[in-house]
1. Pull out all pairs, ordered by first then second residue, where Cβ-Cβ is under 7 Å, the residues are six or more apart or on different chains, the first lies in the range 70-89 and is closer than 21 Å to PRO36 by Cα, and the second is polar (S, T, N, Q).
2. Yes or no: PRO25 exposed (fewer than 15 other Cβ atoms within 10 Å of the Cβ) and either within 16 Å of ILE104 (Cα to Cα) or at pLDDT below 75 (or both)?
3. As an exercise: evaluate VAL136 against (1) within 16 Å of the chain's Cα centre (by Cα); (2) at pLDDT 85 or above; (3) part of a loop (DSSP other than H, G, I, E, B) and give the number of the one condition it does not meet.
4. Could you count how many residues in the range 104-120 are on the phi < 0 side of the Ramachandran plot, touching a residue at least 12 places away in the same chain (Cβ under 8 Å) and part of a loop (DSSP other than H, G, I, E, B)?
5. Quick test for you: out of ILE115, ILE96, ILE128, ILE104, pick the one residue that is touching a helix residue (DSSP H, G or I) at 6+ places or on another chain (Cβ under 8 Å) and within 11 Å of VAL33 (Cβ to Cβ).
6. Mind checking which residues of the range 62-97 are assigned to a helix (DSSP H, G or I), crowded, with 17+ Cβ neighbours inside 10 Å and either at pLDDT below 90 or among the β-branched types (Val, Ile, Thr) (or both)?
7. Which ones in the range 112-136 are touching a Ser or Thr at 6+ places or on another chain (Cβ under 8 Å) and of a type outside the set (Ser, Thr, Tyr)?
8. Taking the criterion of being surrounded by 13 or more Cβ atoms within 10 Å (Cβ to Cβ), within 14 Å of the chain's Cα centre (by Cα) and closer than 20 Å to LEU5 by Cα, would at least one residue in the range 120-128 satisfy it?
Amino acid sequence: MDDVLNVSGHRMGTAEIESAMVAHPKVAEAAVVGVPHDIKGQGHLCLRHVDPRGEEPSEQLRLELKNWVRKEIGPIASPDVIQWAPGLPKTRSGKIMRRILRKIATAEYDGLGDISTLADPGVVQHLIDEHKIMNVA
């Protein structure tokens with residue numbers, strides 16, 4: 001799986017969806033990964049880094065963000081799932097570790113590899129815990 005999603009036969013880059021998400025004033029940072037979808041073939045999960053101004057996650061905000069992406073790109077790009085995150089798993093140089101996000105998105109919590117080299121390894125467990133609560137995989 002790479003950084004191009006195939007949603008209902010439409011190919012779109014994850015960067016395009018991420019750019020639309022971070023253009024929203026309540027989003028500090030976002031990452032998008034593909035997830036299996038029974039109808040579309042592939043859906044996508046957006047992880048939204050909590051706004052530094054303290055916007056509380058809510059269903060209303062989740063709907064607002066989905067509609068924002070829909071307006072910016074089109075209905076096919078509307079995220080299937082938006083997961084709140086205190087941060088994203090990044091290397092010390094700032095690169096987002098998408099392989100970790102893909103494994104979490106598909107509930108493959110074992111075998112994440114060495115996470116000790118991440119800038120904040122604790123964010124991984126938070127993402128796993130939140131994903132289990134959402135029960136989206």
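1. Listed by first residue and then by second, the contacts come to ARG70/SER78; ILE76/SER8.
2. Numbers: exposed (fewer than 15 other Cβ atoms within 10 Å of the Cβ): yes; either within 16 Å of ILE104 (Cα to Cα) or at pLDDT below 75 (or both): no.
No, not satisfied.
3. Of (1) within 16 Å of the chain's Cα centre (by Cα); (2) at pLDDT 85 or above; (3) part of a loop (DSSP other than H, G, I, E, B), only one is false for VAL136: (2).
4. First, pick out the residues of the range 104-120 that are on the phi < 0 side of the Ramachandran plot: 104-106, 108-110, 112, 114-120.
Checking the rest, the ones that are also touching a residue at least 12 places away in the same chain (Cβ under 8 Å) come to 104-106, 109, 112, 115, 117-120.
Within this subset, residues satisfying the condition of being part of a loop (DSSP other than H, G, I, E, B) are 106, 109, 112, 115, 117, 119-120.
Looking only at that region, the number is 7.
5. Only one candidate passes the filter, namely ILE104.
6. ARG62, VAL69, ALA77
7. Restricting attention to the range 112-136, the residues satisfying the condition of being touching a Ser or Thr at 6+ places or on another chain (Cβ under 8 Å) are 117-119.
Result: LEU118, ALA119.
8. Checked the range 120-128: no residue is surrounded by 13 or more Cβ atoms within 10 Å (Cβ to Cβ), within 14 Å of the chain's Cα centre (by Cα) and closer than 20 Å to LEU5 by Cα.
The values are calculated or read from the model by the stated rules, or taken from the named source; none is laboratory data. What you see is a predicted model, and the numbers here were worked out from it, not measured in a lab. Neighbour counts run over all protein chains shown; Cβ positions are idealised from the backbone, glycine included.
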